[in-house]
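Inspection log for the structure reproduced underneath, given as structure tokens.
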2 protein chains.
Amino acid sequence: MKALILAENDFEDLELFYPYHRLKEEGFEVYIASSQKELRGKRGYTINADLSYTDVRAEEFHALVIPGGKSPERVRLNKDALKIVKHFFDENKPIAIICHGVQVLISAGVVKGRKIACWYGVKDDLIAAGGEFVDGVAVDGKLVSARHPGDLAEWMKNFLSIL
Amino acid sequence: MKALILAENDFEDLELFYPYHRLKEEGFEVYIASSQKELRGKRGYTINADLSYTDVRAEEFHALVIPGGKSPERVRLNKDALKIVKHFFDENKPIAIICHGVQVLISAGVVKGRKIACWYGVKDDLIAAGGEFVDGVAVDGKLVSARHPGDLAEWMKNFLSIL
């Protein structure tokens, strides 16, 4: 089983590394896709990307994770990254987003009518795009979303239960 | 079920927060014990302590975690922290240490004859104190140890399997 994380510089470090190690713990092969080779989190942790967005064969992946921080504002600008996201929604495959990760979903045009948790600062953008804000951890079909690092345990527990 | 984390300032952020959330995910109540009220990791993440070392009733806890960073060099100076560690060894209760966490075990006098993984920079201290260095994740009875954040998944997977 393969999981994919979409990330750019200034990702929220715990929001990337918690699911990264957690999915490995569960036996997943975990890959980072990015427009860059070397990535640095807001807190200074570094990780290398395994794939560019164009290299990703989305049909080979079973789960998608989008961490927060400033990273999603960069991911959302890349059309190939958005194609990956759309594939996961079209095929109804498991997706976990947290914090600002919702920004990528808004740009992919997939939030309308969905119950979604996100960071408070971008809640109005979610609502303007037709989504319904949840102030906690939200499970809406195969989409599991959360607000901030304080939700990590409940976020991943719910995500793993649908994997 | 209750788990206890011993920490001081400049803990290695992922080594504290990964087990913190992971044990919560598993249903544990997780408590931080420290000599200080507010703690700050090497990377700037903050967390409040729940208990002072003298407040800890060690017999009420089922699992002990000692993260690395510069924190263990401070934890090891506190006699009440070392008493907690000795209680866990005397009662053969589950203990997870990582990185520099071994320094606390050396000061508690409990490493002799044990197979232990730790950060390379303090490996010779472990050996001088009579321990056997393992270059990976080590499981020796109820003691599960690891070298660095790259081991987080395997470290916690093994720890949870004995809990």
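Computed from the coordinates by the stated procedures, all read-outs in this text should not be read as laboratory data. Quick caveat, the model's predicted, so the values are computed rather than measured. Methodologically, a virtual Cβ is constructed for each residue, glycine included, from the backbone with ideal geometry; neighbour enumeration extends over all protein chains shown.
Beyond 25 Å, what share of the Cα-Cα pairs of the range A:2-162 remains, rounded to the nearest whole percent? Write out the running numbers ahead of the final one.
On the way: 2301 of 12880 pairs.
The calculated P(r) of the range A:2-162 puts 18 percent of pairs beyond 25 Å.
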- Message: Ignoring everything except DSSP H segments at least 4 long, calculate the 222 nm mean residue ellipticity for chain A; use -39,500 (n - 2.57) per segment, divide by total residues, nearest 500.
- Response: -9500 deg cm²/dmol
- Given a cut-off of under 8 Å on Cα pairs at least six residues apart, what relative contact order in percent is computed for the range B:1-107? 31 percent
- Put a label point 7 Å from Cα along the Cβ direction on B:K86, then list its distances to the equivalent points in the other copies in nm, shortest first. 6.7
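Which entries of B:K24/B:K115; A:K86/B:K2; A:K37/B:K42 have Cα-Cα distances beyond 32 Å here? Walk me through the intermediate numbers first.
Values: B:K24/B:K115 28 Å; A:K86/B:K2 42 Å; A:K37/B:K42 25 Å.
The answer is A:K86/B:K2.
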- Cut-off under 5 Å, modelled amide H: who pairs with A:V65 long-range: A:L4, A:I5, A:L6, A:A96
- Output, in nm with one decimal and in ascending order, the distances from the A:T54 label point to the matching label points of the other copies (7 Å from Cα along Cα-to-Cβ). 6.6
- Straight distance only, please: which aspartates and glutamates reach the Cα of A:K123 with their own Cα at less than 13 Å, same-chain residues fewer than 8 apart left out? A:E132, A:D135
- If each of B:L163 and B:T46 carries a label point 7 Å out from its Cα toward its Cβ, how far apart are those two points in nm? 2.7 nm
- Sort shortest first the distances from B:D124 to its counterpart in every other copy, using label points 7 Å along the Cα-to-beta-carbon line, and give them in nm. 6.0
- Where rotation carries B onto A, the chain B residue whose Cβ is nearest that axis, in whole Å: B:R43, 2
- Item | Paramagnetic label zone (point 7 Å from Cα along Cα-to-C-beta, B:K24; backbone N under 18 Å) in the range A:1-24 | A:12-23
- Query: Using the Kirkwood radius built from alpha carbon pairs, what does the Stokes-Einstein equation give as D for the protein assembly as shown at 25 °C and 0.890 mPa s, in µm² per second?
  - Reply: 121 µm²/s
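What FRET efficiency would be calculated for the residue pair B:R57, A:E38, taking the C-beta separation as r and a Förster radius of 56 Å, to the nearest 0.05?
Details: r = 47 Å, r/R0 = 0.83.
Approximately 0.75, to the nearest 0.05.
From the Cα gyration tensor of the range B:70-160, with a ≥ b ≥ c the square roots of its eigenvalues, which class applies: rounded if a/c is under 1.5, or else prolate if a/b is larger than b/c, or else oblate? Walk me through the numbers before you get to the answer.
Numbers: a/c = 1.40, a/b = 1.20, b/c = 1.17.
Rounded.
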- Would you mind computing, in nm to one decimal, how far apart the modelled labels at B:K83 and B:K112 are, each placed 7 Å from Cα along Cα→Cβ? 2.3 nm
